[in-house]
Amino acid sequence: MSILGYLGFLALLVLIALGVPIGLTLFMVGLAGLSLVGNFSTAMTQSTIAFWSEGSKFILVALPFYILMGNLIYHMGIARRLFTAASYWLGWLPGGLGVASVFATAGFSAISGSSTASARTMGAIVIPEMRRHNYNMRLATGLMSSAGTLGMLIPPSIVLIFYGLMTETSIGKLFIAGIIPGMLVALIFSTFVVGMALLDPRKAGRGMDVSAVPLKERILSLLSVFPVLLIFGVIFGGLYFGIFTPTEGAIIGVVAVLAYAAATRSLTFKAIRESLADASLITVMLFLIIVGGTLFTRFLVQTGFIASISNFIIALELSYVQFIIIITILYLVLGCLLDTFGMMILTVPVLFPIALQLGIDPVWFGIYVVLVAEIGLVTPPVGVNVFVIKTVARDVPLGEIFRGSIPFIIAMLLFVALMTAFPEIVLYLVR
Amino acid sequence: MKALRAIASIMFALSAYVCLPVILVLLTADVSLRYLFNAPLRWGQELASILLFLSVVLALPHSWISRIHISADFLKALLSFRVREVVARLTWLLVLVMAVIIVWQCWRDAQFMLMINESTPELFVPLVYMRGALALGAGVSGVIALAKLLSRTSLVAEEEASL
């Protein structure tokens, strides 16, 4: 029977490689597979049941509202204020503008759930500024492509919600667990920027003359980012102390952003309409992947495919570290071919049970998967963030942006090694 | 195709500009009542879930037209125009097959649900309405897919022109 599973998996890979949408491929291959394993009538019944059971899960309500929150923030101009404040306070460092852009992106990520949105928004603000200060464009674009990935790690993260839905891991715990790794990755990125600026000062162009900015203006810049800190604090304070659920957190976040926008008149009706439309479309796209993934996973389970792969890997008697090294390599390869959601839907159903058998914490594994999947956002040929950054730095060749990302890919791998050696980095806040 | 686009747009408007804002208002009221007066809306979460389901199925046809669904396009540049055209038509054929299966199954489910009067636990909304909405979303998607398949113009050229 498991040969059917292998054939199904192969058919899935071929259709995805040809460019058929991932959700549709999962749905159709899953349905065809279930028909072959059982019968067509049962498979058909599964199709509508999957739509209803997945689509009416209350936790799924969180998805459109975290996307909506990020979209509204994108239209409000908060990103520029974050960058201004960060550059006033961190601009004195070697490569200070780069360090400021990492922390501004981390701040933006704390209220936006999408990596692409973080790269797009911050890149459009930061890259022209870095160009004005004669920064090396390879460093600037590589840094911003990579810093954008913080959007996936620092909660609220759409990918963490996706992982939580797939594995039934607590989304609240995943969000809380993402905070320390997100901040540490930002810190490592900044250290790399400072190091590069020290080794070759020409790369960091003209430094910022922060002393020319009056103290009053610097303090005011901090006050202007206070709403971001407040929204982040309310959501994560609420989650951490168990006051509300991730879904309620999403609603409270949107209401807080709308209230702030109303007070400052920073949102137009058109921006709200566009944000709603985008949230609705992205939710449908993710929903189809979830439904298709449900059918496909049921098919794989029925064929014994997942059990046979799990048994094979467990029979290898890999240690925890060897397992992590192998799947990190697997994700690096897949990251060159698939986007984050595609990668996760193909690998998590197979790897998650193995990870549990090896005694790996599901929350830790979630953060790990998101982190290594993020690397795929900056690796050729489908590094989405690189393409996003290319739209704001049209004169910089794609190859140059990819090369610029290499130090930060190394930084992320360094962090993977760190969290593998010290799992408490991830689990400290959730224990 | 113009009429289909208009139908898909209306359904999408209901999804994005009616369902989502209503969920927002509903859950804001629910959360406020829970924390301020310890009196949550008992049916709030169920209604929110139903509205989310409606939002998703109503946006389905527009999602196909707007090509929001993610695909891996690393091979695309290497494929000839002819092969890309075949893949584009295969994609719409799969959308059509999926739509036909869902509509057909919704019809089968509906008969059974009407017989046992299956409904949601709190609000007692007959589940047959949900299958109706799903059939509508899938049906319109299927008709769009059929129109694309019958179209004589190149789907790849059309796709490239819209970029």
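The values are calculated or read from the model by the stated rules, or taken from the named source; none is laboratory data. The structure displayed is predicted, hence computed values, not measured ones. Cβ coordinates were reconstructed from backbone atoms using ideal geometry, including for glycine residues, and neighbour counts include every protein chain displayed. Remember, those area values only see protein heavy atoms, side chains included, never the ligands or the DNA or RNA. Shrake-Rupley method; radii C 1.70, N 1.55, O 1.52, S 1.80 Å.
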Residues of the range A:389-410 classified as touching a Ser or Thr at 6+ places or on another chain (Cβ under 6 Å) and within 14 Å of chain B (Cβ to nearest Cβ), total: 0
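Each row is one residue, and each column tells you yes or no for (1) over 20 Å from the mean Cα position of the chain (by Cα); (2) under 20 Å from residue A:333 (Cβ atoms); (3) surrounded by 19 or more Cβ atoms within 10 Å (Cβ to Cβ); (4) not basic (Lys, Arg).
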| residue | (1), (2), (3), (4) |
| --- | --- |
| A:378 | no, yes, yes, yes |
| A:402 | no, yes, yes, yes |
| A:406 | no, yes, no, yes |
| A:412 | no, yes, yes, yes |
| A:428 | yes, no, no, yes |
Pairs, first on the phi > 0 side of the Ramachandran plot and within 9 Å of chain A (Cβ to nearest Cβ) in the range B:45-68, second in a helix (DSSP H, G or I) and among the polar types (S, T, N, Q), C-beta under 8 Å, six or more apart: B:67/B:162
All positions within the range B:123-161 that are within 14 Å of chain A (Cβ to nearest Cβ) and acidic (Asp, Glu): B:159, B:160
Selection within the range A:10-52 - more than 7 Å from chain B (Cβ to nearest Cβ), among the small types (Gly, Ala, Ser) and under 23 Å from residue A:336 (Cα atoms): A:11
Condition met for residue B:48 (more than 23 Å from residue A:286 (Cβ to Cβ) and either touching a Leu at 6+ places or on another chain (Cβ under 8 Å) or in a helix (DSSP H, G or I) (or both)): no
Any hit, the range B:136-144, residues being of a type outside the set (Gly, Ala, Ser), open to solvent by less than 30 Å² (accessible area, probe 1.4 Å), assigned to a helix (DSSP H, G or I) and out of contact with any His (no Cβ under 6 Å at 6 or more places or on another chain): yes
Failed condition for residue A:364, given (1) modelled with pLDDT under 95; (2) open to solvent by less than 40 Å² (accessible area, probe 1.4 Å): (1)
Single condition residue A:25 does not satisfy, out of (1) polar (S, T, N, Q); (2) more than 19 Å from residue B:106 (Cβ to Cβ); (3) surrounded by fewer than 17 Cβ atoms within 10 Å (Cβ to Cβ): (3)
Cβ-Cβ under 9 Å pairs, at least 6 apart or on other chains, the range B:70-82 side farther than 15 Å from residue A:380 by Cα, far side small (Gly, Ala, Ser): B:70/A:23; B:70/A:342; B:71/A:19; B:71/A:342; B:79/A:19; B:81/B:154; B:81/B:157
Every pair of residues 6+ apart whose Cβ atoms lie under 6 Å, when the first sits in the range A:332-356 and is more than 17 Å from residue A:24 (Cβ to Cβ) and within 14 Å of chain B (Cβ to nearest Cβ) while the second is open to solvent by 10 Å² or more (accessible area, probe 1.4 Å) and not in a helix (DSSP H, G or I): A:335/A:379; A:336/A:379; A:337/B:74
Number of the condition not met by residue A:59 [criteria: (1) away from chain B (no Cβ under 14 Å); (2) open to solvent by 40 Å² or more (accessible area, probe 1.4 Å); (3) touching a residue at least 60 places away in the same chain (Cβ under 8 Å); (4) not in a loop (DSSP other than H, G, I, E, B)]: (1)
Enumeration of residues in the range B:69-100 that are facing another protein chain (nearest Cβ under 9 Å) and either over 20 Å from residue A:14 (Cβ atoms) or among the hydroxyl-bearing types (Ser, Thr, Tyr) (or both): B:71, B:91
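Condition check ((1) buried (at least 16 other Cβ atoms within 10 Å of the Cβ); (2) closer than 24 Å to residue A:278 by Cα) across all residues:
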site: B:15; (1), (2): yes, yes
site: B:27; (1), (2): yes, yes
site: B:60; (1), (2): yes, yes
site: B:73; (1), (2): no, yes
site: B:81; (1), (2): no, no
site: B:84; (1), (2): yes, no
site: B:87; (1), (2): yes, no
site: B:92; (1), (2): yes, yes
Qualifying residue in the range A:24-34 (condition: at pLDDT below 90, touching a helix residue (DSSP H, G or I) at 6+ places or on another chain (Cβ under 6 Å) and farther than 30 Å from residue A:137 by Cβ): no
Test: residue B:46 is among the charged types (D, E, K, R), surrounded by 15 or more Cβ atoms within 10 Å (Cβ to Cβ) and more than 30 Å from residue A:335 (Cβ to Cβ): yes
Qualifying residue in the range A:239-254 (condition: over 28 Å from the mean Cα position of the chain (by Cα) and in a helix (DSSP H, G or I)): no
Positions within the range A:196-210 being assigned to a helix (DSSP H, G or I) and touching a residue at least 40 places away in the same chain (Cβ under 8 Å), in sequence order: A:196, A:197, A:198, A:201, A:202, A:203, A:204, A:210
Qualifying residue in the range A:301-315 (condition: crowded, with 24+ Cβ neighbours inside 10 Å, part of a helix (DSSP H, G or I) and in contact (Cβ under 8 Å) with a residue 40 or more places away in the chain): yes
Any chance residue B:104 is within 11 Å of chain A (Cβ to nearest Cβ) and open to solvent by 40 Å² or more (accessible area, probe 1.4 Å): yes
The range B:1-28 residues that are closer than 16 Å to residue B:138 by Cα, paired with ones that are buried (at least 17 other Cβ atoms within 10 Å of the Cβ) and of a type in the set (S, T, N, Q) (beta carbon under 6 Å, 6 or more apart): B:15/A:280; B:15/B:55
Yes/no for residue A:98 being part of a helix (DSSP H, G or I), modelled with pLDDT under 85 and open to solvent by less than 10 Å² (accessible area, probe 1.4 Å): no
Qualifying position, being more than 7 Å from chain B (Cβ to nearest Cβ) and closer than 13 Å to residue A:68 by Cβ, among A:251, A:272: A:272
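Matching residues to (1) modelled with pLDDT under 85; (2) of a type in the set (A, V, I, L, M, F, W, C); (3) within 17 Å of residue A:86 (Cβ to Cβ):
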site: A:217; (1), (2), (3): no, no, yes
site: A:227; (1), (2), (3): yes, no, yes
site: A:247; (1), (2), (3): no, no, no
site: A:263; (1), (2), (3): no, yes, no
Boolean, residue B:9 is closer than 30 Å to residue B:160 by Cβ, more than 10 Å from chain A (Cβ to nearest Cβ) and of a type in the set (Gly, Ala, Ser): yes
